[in-house]
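Okay, so here's the structure we're looking at.
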Amino acid sequence: MPQFAILDGRLARSARTRRAVVDALLDLLGEGNLRPTAARIAERAGVSIRLVFHHFDDLEEIYSELADRQAERVKPLTVPIAVSIPLARRIEGFSAQRGRLLETLSPVRRAAVLMEPFRPALARRLKHARDLTRAATLAAFAPELSKLAADEKRATIAALDVATCWVAWEQMRRHQGLSETEARGVMATTIRALLTTGKVKT
């Protein structure tokens, strides 16, 4: 067998093993196991712990690859909202899209925030994700924000960021017991209140 074919086969097996490990972790988190051990991950993936750490340096690397996988997974849920749409429709469309995104992220995000203080690579990815969602919020409502004075704009941006972030979503869904539809409605109501009072009008 040619040397390149042997190498290709090894690379393919390595990629399959890495994917199996990350898939196993994703499944465990989705089932509510927020801190699965390496042994549990290996068992779910159908490989040995030795093989897990042959392909990954440590658990942080596994979580980092999982974060990258999540980013690809949710990319279709982050389509820019056209600012030409009337504000009322924009708010509804944005809240529906953001709700779907946060609901999809929740199983992994719950585990990630527990480890964020201790996992620098994961913390960087979470910060990047927060920056992206904040930027998407500001872009969706840029026409309204542009009409505000500097101090009011800064405060409104901060309030919008809080109202549309994962922490607020978790509060509504897990702690207040709201349905996904109800939580989207609360988000829309909050955005509407922030953007249609004071100087900003529809």
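Per-structure values
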item	result
Which numbered condition LEU148 misses (of (1) part of a loop (DSSP other than H, G, I, E, B); (2) surrounded by fewer than 16 Cβ atoms within 10 Å (Cβ to Cβ))	(2)
Residue within the stretch 156-179 that is within 23 Å of GLY32 (Cβ to Cβ), small (Gly, Ala, Ser) and part of a loop (DSSP other than H, G, I, E, B) present	yes
Selected residue [touching a residue at least 24 places away in the same chain (Cβ under 8 Å) and either of a type in the set (Val, Ile, Thr) or in the same structural domain as ALA15 (by TED's automatic domain parsing) (or both)] from VAL79, VAL47	VAL47
Output for the stretch 151-164, where each listed residue is surrounded by fewer than 18 Cβ atoms within 10 Å (Cβ to Cβ), under 17 Å from the mean Cα position of the chain (by Cα) and not acidic (Asp, Glu)	VAL162
Pair list, Cβ under 8 Å, 6 or more apart: the stretch 115-132 residue among the basic types (Lys, Arg), other residue surrounded by fewer than 13 Cβ atoms within 10 Å (Cβ to Cβ) and part of a helix (DSSP H, G or I)	ARG125/ASP68
Test result for LEU26, farther than 26 Å from THR133 by Cα and either surrounded by 13 or more Cβ atoms within 10 Å (Cβ to Cβ) or polar (S, T, N, Q) (or both)	no
Enumerated helices (runs of 4 or more DSSP H) restricted to the stretch 9-102, each holding at least 3 residues that are touching a Pro at 6+ places or on another chain (Cβ under 7 Å) and at pLDDT 85 or above	none
Long-range neighbours under 7 Å by Cβ, at least six apart or interchain, first residue under 17 Å from LEU105 (Cα atoms) within the stretch 50-69, second part of a loop (DSSP other than H, G, I, E, B) and not hydrophobic (A, V, I, L, M, F, W, C)	TYR63/ARG119
Condition check for ARG134: in the same structural domain as PRO86 (by TED's automatic domain parsing) and either more than 30 Å from ASP58 (Cα to Cα) or surrounded by 17 or more Cβ atoms within 10 Å (Cβ to Cβ) (or both)	yes
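The values are calculated or read from the model by the stated rules, or taken from the named source; none is laboratory data. Predicted, not measured: the structure shown is a model, and the values here were computed from it. Every residue, glycine among them, receives a Cβ derived from its backbone with ideal geometry; neighbour counts consider all protein chains shown.
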